[in-house]
Amino acid sequence: MNFMTFREIRSTFLDFFKARGHEVVRSSSLIPRDDPSLLFTNAGMVQFKGLYLGTETRSYTRAATSQKCVRAGGKHNDLENVGYTGRHHTFFEMLGNFSFGDYFKVEAIHWAWELLTKVYGLPADKLWASVYKDDDEAFEIWEKHIGIPAERIVRLGEKDNFWAMGDTGPCGPCSEVLIDQGPAVGCGRPDCSPHCDCDRHLEIWNLVFTQFDRSADGTLTPLPKPNIDTGMGLERISAVVQGVTSNYDTDLFKDLIRGIENIAEKKYGEHPKQDVSFRVISDHARATAFLIGDGVLPSNEGRGYVLRRIIRRAIRFGQVLGMKEAFLHRIAGHVIDLMGGDYPDLAASRSFIEGIVLNEEKRFADTLHFGMKLLMDSVNDVKERKQEVIPGSVAFKLYDTYGLSLDIVQDVAREEGLRVDVPGYDEAMSRQRTLSQESWKGSGEEEIPEVYQRLSGQGLASTFVGYDSLVSDSKVLAVLKGGKEVPSAGPGEEIEVVLDRTPFYGEAGGQVGDTGWLTGNGARMQVTRTVKLMEAFIVHRGVVEQGAFSTGDRVEARVNEEERKATALNHTATHLLHAVLRELLGPHVKQAGSLVSPQRFRFDFSHFAQVDAETLQEVEQQVNRIIRDNLPLTISVLPREEAMKTGAMAIFEERYGDRVRLVKVGEGVSMELCGGTHTHRTGDVGLFKIVSESAVGANVRRIEALTGKAALEYVQRQELEFKEAAGLLKTSPEQLRERIDKLLKEQKQKDREIETLKSKLLSLRSEDLLSGVREIQGAKVLVREVQADSPKDLRDFADRIKEKLDSGIIVLGARKNDKAMLLCMVTKDLVSRFKAGDIISRLSEMLGGKGGGRPDMAQGGGPRPELLGQALESVEKIISR
């Protein structure tokens, strides 16, 4: 058989199942949609979860996908194994075919066998099958229908061959196809078999037969319509088809490894220990590029923390290869070169991805250097003591101070033949805070109440008509109170209402939901918030003001027109701002979040430094120029793939279906996929005013702005305050800056004069004070209460006295508000006998406070100024002792 590239292997799979009636569904995002339980999309079935649970319906009952997946962090975590084997990855593609109550075991097994042997050309005599121990049906299909000898069909237990979505719910047995790669790949034991953990019998394809519903007591009830869910890693099948035993020897990785070789000036395959670094970097560069491309940014929690761990682990292994300069952004660029044709979103985000990675590399460079030095010192210390464990406290300090994650410490320990005290690390971590999977509370999305899942399963849904109208005649599909469906609700009750059609925009894509009213049959409810749940429902939340709302009622749904229009101004302005920021700051700028409300909007975007005042002013001018140009907005609905080919921007926080709205401003000004509400022309925005620019995180900036009436009111308030300030300074607004400059200069001159006078006064007072010097234990001692406003004044006072005293001990005290201040100075010739810190510590205790410092100078005090005189009287006794 001719050599097949990974791209041909992928397309062959999808074409094979398309020819057998399957809908080819594009990969969903690595950020799971409507699933707060998952950190990342980790399997092909994730986007079809609603179909398996019966809470969603689609136009097809058969599907095939090549799904982007990440397994790093959370329950499914391969991070620590990546690099040390030829088959583990953080990022991979999962090829899968799915049946939703359509075909079952016979077809799934037959098609798997046909594709592997007839299409991919794998040798039938090298293929094995595993089945669940009680699944006689699958065993018989493999033996009687396919013809695999019984001795090559293995029965395995629940741990290996039974799949469940959770403790209860859909579940069923699995059957895996394995290939015998020969004794040269395995462990070498004569009893080596599919039960062995070595790579000789390699799992290629997992077929899941979801045929039961498990109840809380463990009872398995057959589902009326069983499902099929299969998964085969593209990387693994590519290695098998291309005749290599490591995924890293396939064309998915060769170009990436070649790029690493060119930077490191080292060759892959020369040294086993060195090869680990090549594998880690090539894998992690893929995960990094795809995660950032899907909107995950490095941070210290949740998904962002997992990404940061992946990036930093790659950088550490780069140092092992001798790469001291930033390199990972270049390898991420190779990933985009290789995969951008398959994933246009990735190619469109090139500068954004490379910029984020480069910035993260720069941030970590210095801390990695110092952290690795401390880690190697600890390794050497452990070895010198003939021990084998790096203390958990050390591992935690490396994380807490230098950002070295536990993964990196474990990698180094592994290389040095040591272990890490993980329980000790966890204990230290729990005392401060828990990160990554321990702190993970889900995706941060609102949990979908079970009642809405049930309503969806009944085929109910809301239709949004608010793009064209702000009023609709609607039917009440459901009334809910306290998370439960109720037949009706009356005055004063806080409820949720679902309508068959509604003009209310449900909170999505950063735009807040509409407010307004539901009325009908003498009933009235003020809608205070509208949210979108499960894509199917637009939920109206509020309190019944009069009458009652019941399921089946006809009502008038009316949106608050003024607020909707104000929100539209702000939403259109975010598109203009986005376009101008990309033009002025560069194509790495990408929207990273937003809040669009009637009153204001905030816009988060990727950028690596503060935007200076001059640039912000230019941004403001350009956005207002586009507003004055009064350009038309054209909105069209297109198939998603067609829309992406136009070069339109896709925003992270948006969720796109098969058909999308393309919002275009003028010709070449802005094109974005957006489901929000907008103005008809840019001139409707009226005025755009930036209020603030700030940092949200290491790689994200935030602009807050106003438009229309709110912007005008803001400018007018600023102008009024400006005039009032000028009035207070008895000048005109035009001369205010000059007046303030003059006042500041006068103030500085007066401050200098005051300091000069204070210095002269201190000099005179210090001479007066010298008359009070006594001799104690052969040392001159001056103890005085003086007037001082701050510890600095006390120090200045003492310095003046010290200049004249030559040798001695000075103790000064002062009262300020409800506190007492103390200072002690000891000249250098006396510090061997008297310590300023000791004296101040004793005196401060008498005042109910604390103090200390150097042997020659110390400061302190306390909250009991009424005892200051008594404390100063005790100085002679303290010195005498």
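General observations
- Some residue of the stretch 284-293 being closer than 26 Å to Ala108 by Cβ, of a type in the set (A, V, I, L, M) and at pLDDT below 95: no
- Against the test of being in a helix (DSSP H, G or I), under 30 Å from Ala536 (Cβ atoms) and at pLDDT below 85, the options Gln453, Gln437 yield a single qualifying residue, Gln453.
- Hits in the stretch 319-335 - residues which are in contact (Cβ under 8 Å) with a residue 40 or more places away in the chain and open to solvent by 40 Å² or more (accessible area, probe 1.4 Å): Gln319, Val320, Gly322, Arg330, His334
- Boolean, Leu207 is within 19 Å of Glu158 (Cα to Cα), crowded, with 23+ Cβ neighbours inside 10 Å and of a type in the set (A, V, I, L, M): yes
- Complete set of residues in the stretch 351-383 that are in contact (Cβ under 8 Å) with a residue 24 or more places away in the chain and basic (Lys, Arg): Lys362, Arg363, Lys383
- Applying the set (1) in contact (Cβ under 8 Å) with a residue 24 or more places away in the chain; (2) touching a strand residue (DSSP E or B) at 6+ places or on another chain (Cβ under 7 Å) to Arg524 leaves exactly one unmet item: (1).
- Residue in the stretch 418-425 that is in contact with an Asp or Glu (Cβ under 8 Å, 6 or more places away or on another chain), surrounded by 20 or more Cβ atoms within 10 Å (Cβ to Cβ) and touching a residue at least 24 places away in the same chain (Cβ under 8 Å) present: no
- One residue alone among Leu346, Leu297, Leu338 is on the phi < 0 side of the Ramachandran plot, touching a residue at least 60 places away in the same chain (Cβ under 8 Å) and either surrounded by fewer than 21 Cβ atoms within 10 Å (Cβ to Cβ) or in a helix (DSSP H, G or I) (or both), and that residue is Leu338.
- Summed over the stretch 677-698, the residues that are buried (at least 18 other Cβ atoms within 10 Å of the Cβ), touching a Ser or Thr at 6+ places or on another chain (Cβ under 6 Å) and outside any helix (DSSP H, G or I) give a count of 3.
- Residue in the stretch 160-170 that is open to solvent by 70 Å² or more (accessible area, probe 1.4 Å), under 30 Å from Phe100 (Cβ atoms) and either part of a helix (DSSP H, G or I) or touching a helix residue (DSSP H, G or I) at 6+ places or on another chain (Cβ under 6 Å) (or both) present: yes
- Residue in the stretch 525-537 that is open to solvent by 20 Å² or more (accessible area, probe 1.4 Å), polar (S, T, N, Q) and either within 15 Å of Glu493 (Cβ to Cβ) or part of a helix (DSSP H, G or I) (or both) present: yes
- Identity of the residue in the stretch 117-126, open to solvent by less than 40 Å² (accessible area, probe 1.4 Å) and under 42 Å from the mean Cα position of the chain (by Cα), that ends up farthest from Glu158 (Cα to Cα): Tyr120
- Residue selected from the stretch 470-524 under the condition more than 30 Å from Met649 (Cβ to Cβ) and among the acidic types (Asp, Glu), by the criterion most open to solvent (accessible area, probe 1.4 Å): Glu494
- Qualifying residue in the stretch 57-65 (condition: assigned to a strand (DSSP E or B), over 30 Å from Tyr305 (Cβ atoms), polar (S, T, N, Q) and over 31 Å from the mean Cα position of the chain (by Cα)): no
- Enumeration of residues in the stretch 784-802 that are open to solvent by 30 Å² or more (accessible area, probe 1.4 Å), over 52 Å from the mean Cα position of the chain (by Cα) and within 18 Å of Pro855 (Cα to Cα): Asp799, Lys802
- Against the criterion of being at positive phi and either open to solvent by 10 Å² or more (accessible area, probe 1.4 Å) or in a helix (DSSP H, G or I) (or both), Gly647 qualifies.
- Enumerated strands (runs of 3 or more DSSP E) restricted to the stretch 807-879, each holding at least 3 residues that are open to solvent by less than 20 Å² (accessible area, probe 1.4 Å) and not charged (D, E, K, R): 809-816, 819-826, 857-862
- Glu672 satisfies every condition listed in (1) touching a residue at least 60 places away in the same chain (Cβ under 8 Å); (2) open to solvent by 60 Å² or more (accessible area, probe 1.4 Å); (3) touching a strand residue (DSSP E or B) at 6+ places or on another chain (Cβ under 6 Å) except (2).
- Filter result for Glu80 (acidic (Asp, Glu), in contact (Cβ under 8 Å) with a residue 60 or more places away in the chain and surrounded by fewer than 22 Cβ atoms within 10 Å (Cβ to Cβ)): yes
- Within the set Leu358, Leu374, Leu346, the sole residue that is farther than 22 Å from Gly83 by Cα and modelled with pLDDT under 85 turns out to be Leu374.
- Here Gln546 passes the criteria (1) open to solvent by 40 Å² or more (accessible area, probe 1.4 Å); (2) within 30 Å of Arg681 (Cα to Cα); (3) over 26 Å from the mean Cα position of the chain (by Cα) except the one numbered (2).
The values are calculated or read from the model by the stated rules, or taken from the named source; none is laboratory data. Predicted model only: the values in this text are computed from it and were never measured. When we count neighbours, we look across all protein chains shown, and the Cβ atoms used for this are built from the backbone with ideal geometry, even at glycine. When the accessible area is computed, the model is the full protein with side chains, heavy atoms only, and any ligands, DNA or RNA have been set aside. Shrake-Rupley method; radii C 1.70, N 1.55, O 1.52, S 1.80 Å.
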